1. Sort LEU50, LEU323 so the one with the fewest other Cβ atoms within 10 Å of its own Cβ comes first.
2. Setting aside same-chain residues fewer than 8 positions from LYS56, which aspartates and glutamates have a Cα under 16 Å from its Cα?
3. Could you list the square roots of 5 times each eigenvalue of the Cα gyration tensor of region 155-208, that is, the equivalent ellipsoid semi-axes, sorted largest first and rounded to whole Å?
4. Residue by residue, what Karplus-based ³J(HN,Hα) values in Hz, rounded to whole numbers, does region 203-213 have, using 6.51, -1.76 and 1.60 with θ = phi - 60° and x for Gly and Pro?
5. Can you list residues whose amide H is under 5 Å from LEU120's amide H, if they're 5+ apart or on another chain and H is modeled 1.01 Å from N?
6. P(r) tail for region 101-228, what percent of Cα pairs lie past 22 Å?
7. Under 5 Å between amide hydrogens, which residues at least 5 positions from VAL57 or on another chain qualify, with H placed 1.01 Å from N in the peptide plane?
8. Remind me, what semi-axes does region 113-182 give for its equivalent ellipsoid, largest first in whole Å, using sqrt of 5 times each Cα gyration tensor eigenvalue?
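Read-outs: derived from the displayed coordinates by stated rules, not from any lab. Please read all numbers here as calculations on a predicted model, not as lab measurements. We place every Cβ from the backbone using ideal geometry, glycine too, and count neighbours over all the protein chains shown.
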Amino acid sequence: MGFFGTIKDEAQRNFIARADEAKGEIVYKYPEKNIRMLTQLTVDADEVALFVKDGKVEGKLGPGRHQLDAKNIPFLSRFLENFTGGNLFIAEVFFVSTREFTGVKFGGPIGDVRDPETGLGIGTMVYGDFSLRVTEPEKLVVGLVGMGRTSNSDFVGWFKNQVLKVTRDRIAELLVKKRWPLLDVTSGAYTEEIETEVIAGLKPHVDGYGLTVVRMGNFHISIKEEDEATLKKLSKDVAYSRLAGGFQQYAQGQAMLGASEGMAKGGGGADGALQGMGMGMGFGMAQMFSNQQQQQQHHPQQQAPQPAPAAAPADTRSPAQRLKELKELKDAGVLSDDEYNAKRAELMKLL
């Protein structure tokens, strides 16, 4: 080491402060333990300096510039080494920021979450960020020293795991208790409720370390695209089966719907209307079949009376209206050209 390097090192040993590259860190541990008496210690406005020995915080200094002298700072006498003649003391010095740290990103797998609507277990992920603040620096440093996590990266990694753990537990619990459909959760419909639950759930885990989560941000729960497509289809089937009165009735309705779609195939603009009619007719007839089956189950010996043929109701539509409807049926592909022309000729005689 050169002469000027030695001078620089000596100057640094006479001044203690948070390193420039660590200005954005929550916890910064000064690398030296052997500290000279009368050294200048600088503490920034948004932090405190803690002096630790044997896992205990023996003293704290607030913002400002301090000359480390046992005469002015009595707690320093606890760190003095007698063999140095009172010129050196040994202590770990931690700088802890007390401002709010925003945009701390976290994320990872929640695991398989059972969707209350379909009963499927779906692999779920969560991503977002949060802000935190150190409210009691002494608790934080003692806790980190006890865990052997004295670097900022170790601390942040541990804290992110706490957030992910609580998020995982709370989401699974809410889906069971509230019976929220997973598709609604991933759409963001319940983001505020989940954030509130996660922050409340974190409190008992981090209070002992003098920490608080101020707020969550950019909070998003997601599933794979193929799982989302599966859930959407199953949710649609579940909804239709409820409308039809049950799964068996839904299956019957689907079969009749298929028949109506076959009729409307190639029908252009009226296709959607015919499919809608087919769906309604299918569900209606399926419900009728269901009612008949229930009656037969309750009265197996009693045959349902056959209603007498009802007289066809009088057609009150004008010939012009009927011609218009006839044209729509032809355009939809329900009638062939020959059928249309023959029926049109009959209606034209009525005009």
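1. Final ranking by Cβ density, sparse to dense: LEU323, LEU50.
2. Output for LYS56: GLU92, GLU136, GLU138.
3. Square roots of five times the eigenvalues give 23, 11, 9 Å.
4. 3, x, 7, 10, 4, x, 9, x, 10, 9, 8
5. For LEU120, whose amide H was placed from the backbone, the distant partners under 5 Å are ASP115.
6. 38 percent
7. none
8. One finds semi-axes of 34, 12, 10 Å for region 113-182.
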